[in-house]
1. Inside region 231-254, can you point out the residues that are in contact with a Lys or Arg (Cβ under 7 Å, 6 or more places away or on another chain) and either farther than 24 Å from residue 352 by Cβ or among the hydrophobic types (A, V, I, L, M, F, W, C) (or both)?
2. Wholly within region 202-274, which helices (runs of 4 or more DSSP H) include no fewer than the required count, namely at least 1 residues that are touching a Gly at 6+ places or on another chain (Cβ under 7 Å) and buried (at least 24 other Cβ atoms within 10 Å of the Cβ)?
3. So, residue 7, is that one at pLDDT below 85 and of a type in the set (Val, Ile, Thr) or not?
4. Can you name every residue in region 80-113 that is more than 15 Å from residue 36 (Cβ to Cβ) and not in a helix (DSSP H, G or I)?
5. Can you tell me which of (1) in contact with a helix residue (DSSP H, G or I) (Cβ under 7 Å, 6 or more places away or on another chain); (2) modelled with pLDDT of 90 or more; (3) farther than 26 Å from residue 197 by Cβ is the one residue 400 doesn't meet?
6. Looking for whichever is surrounded by 13 or more Cβ atoms within 10 Å (Cβ to Cβ), assigned by TED's automatic domain parsing to the domain that holds residue 27 and at pLDDT below 85 here; the options are 117, 129. Which one fits?
7. Among the residues that make up region 148-158, is at least one of them out of contact with any helix residue (DSSP H, G or I) (no Cβ under 8 Å at 6 or more places or on another chain) and at pLDDT 70 or above?
8. So which pairs qualify, if the first residue must be in region 299-314 and outside the structural domain of residue 219 (by TED's automatic domain parsing), the second must be surrounded by 23 or more Cβ atoms within 10 Å (Cβ to Cβ) and not in a strand (DSSP E or B), the Cβ gap must be under 7 Å, and the two must be at least 6 apart or on different chains?
Amino acid sequence: MGTAMKINGEPMSFSKYGKSFQEKLCMVILDDRAFADQIEEVLDVNFLELNYLKCFLNKVFDYRKKYEVHPSRDIMKTILRSELDNENELTSKQVREYYVRSQVAPLTDIQYIKDTALDFCKKQNLKSAMVKSIGLLQNSSFDEISQVINDSLKLGMNNDEGYDYKKDFEERFKPRFRNPVTTGWELIDDICKGGLGQKELGVVIAPTGAGKSMALVHLGAQALREGKTVVHYTLELQDTVVASRYDSCLTKIPLQNLLSFKEQIYEEVQDISGRLIVKEYPTKTASTQTIRNHLEKLRMRSIEVDMIIVDYGDLLRPVRYLKEKRNELESIYEELRGIATEYEAPVWTASQTNRSGLNAEVITMESISEAFNKCFIADFIFTISRTIDDKVTNSGRLFVAKNRNGPDGLVFPLFMDTANVCIKVLEPSEEDEIVEVSAKKQKENLVEKYKKFKNKSGG
């Protein structure tokens, strides 16, 4: 850890963030080994203004240094009982009281505390490096100045070396917590183990006008009913239009009648425990980086996002322009998958079919528009197919094209009422099971098609 610093003669500390922030920070460091690894490089315990917190953190870091492992809460309890003899009586009493208090108090705003503390520490180290550079400047030691600044910028980076196959043996036998968010369709939840999970990417594939946006609204509405915070990015429709579709989906009031039932809608919406943020960007003006920037703004305002919806991925602008459009689209979906991982939230998006899907009985991944490699990036894919006759009868078919957490190649009949933004998944019939065999075969064809493409392109 570095040494205490003074900038312009004034000591730098966490004092401006208050006592509660500093107490929570110490417990976060104890509970989160990866964060402790990261912040230890840039944290000076003298940034803390209270002696008992300095004492506590020193014990944590001393244990890490001596035994080369991170202490547990039980170990810290033992240490604080037996290893405070060298501290004055007041500090010993305060640190023990703090630890007892921390065991019963809920640990909230964790991400904010981590981000704020790390940012503060890194800035102090950078300021120190800049001060040091002033002296070097007098000797024209530009290479050394560059090295000092670069070394400072590298401090506090994520030091996670990765999963050690032998060392982390026990980790792979622990239950994997996906924390899935329901689709609202019991039959679909059953086959994907509760819905789309954290860090997972789900894709809805359908031709134009078949109900991609409607399906995404349905998925968002179910999350809202569960008390989740949903961010819905619309790249085609106005934000108020999307919000109106949520009104209809949540209240079952037809779109054309919303105005007449304004007061009723208001009352029903207030009773919904979840939170919805609709962010509109014109088509092809927003990229995945634009979405990241917006999510960061929400994070800075302590808004924890539970589900992200992008309507739809094909309408995003690539972060980098590549020679072929298909490669740009593939990179967009890779980046959406990265956002799901980074923000530990399920991400739902949609993709357009090519012409073969326009009046198909069942749409498979073979009908995906442009880059079919998108299919290999996603965790869960379902398609919506609606013939002209289906639209007249408010029907259609949902085909589970890909499912990392369960079976795929399944076809379910749909009831789709566009006026009420209502989609219901029905029990499959014998006729649908016949289609299932054909659909699975088409999926195999996609794999062969992809292999041929890779061989042809030299990939």
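The values are calculated or read from the model by the stated rules, or taken from the named source; none is laboratory data. Computed from a predicted structure; not experimentally measured. Quick reminder, even Gly has a Cβ in these numbers, built from the backbone with ideal geometry, and neighbours come from all protein chains shown.
1. Answer for region 231-254, where residues must be in contact with a Lys or Arg (Cβ under 7 Å, 6 or more places away or on another chain) and either farther than 24 Å from residue 352 by Cβ or among the hydrophobic types (A, V, I, L, M, F, W, C) (or both): just 231.
2. Qualifying helices (runs of 4 or more DSSP H): 212-225.
3. So residue 7 passes the test.
4. Of everything in region 80-113, those that are more than 15 Å from residue 36 (Cβ to Cβ) and not in a helix (DSSP H, G or I) turn out to be 83, 84, 85, 86, 87, 88, 105, 106, 108, 109.
5. Result: residue 400 fails condition (3) only.
6. 129
7. So far as region 148-158 goes, no, none of its residues is out of contact with any helix residue (DSSP H, G or I) (no Cβ under 8 Å at 6 or more places or on another chain) and at pLDDT 70 or above.
8. none
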